[in-house]
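Report on one structure; see the data block that follows.
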Amino acid sequence: MSLTEFVITLVVGFVLFGFLRRVVYFQAYSSFTKAADDFRRRQEVPRKPEGTVTVDQSAKQKGLKEEGEYVDYEELK
């Protein structure tokens, strides 16, 4: 292998390495940003406008069950 063949192989190797590095970098970068956006969307909580009030009707219907009676206690010393 002569010196010119070695230099040509080295230059072609560097060019291919640079091209592959760019392709892999941009592919990884785009997948990372997509995953980050998906995560951010899942974490977003829908905000209600300030001053609005909502009442949960199911909690109101449950109420307290009237089981037994209240017994007052005395402290023992």
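Quick check: convex hull of the Cα atoms in the chain, volume per residue, rounded to a whole Å³?
Expressed per residue, the convex hull around the Cα atoms of the chain is 384 Å³.
In degrees, nearest 10, range 0 to 90: what is the angle between the Cα axis of helix 3-43 and the longest Cα principal axis of the chain?
That works out to roughly 10 degrees.
What is region 1-43 by shape, rounded, prolate or oblate, if you read a ≥ b ≥ c off the alpha carbon gyration tensor as root eigenvalues and call it rounded for a/c under 1.5, prolate for a/b larger than b/c, and oblate otherwise?
prolate
Every read-out reported here was derived from the displayed coordinates using simple, explicitly stated rules and does not represent laboratory data. Treat the numbers as computed from the prediction; the structure is a model and nothing was measured.
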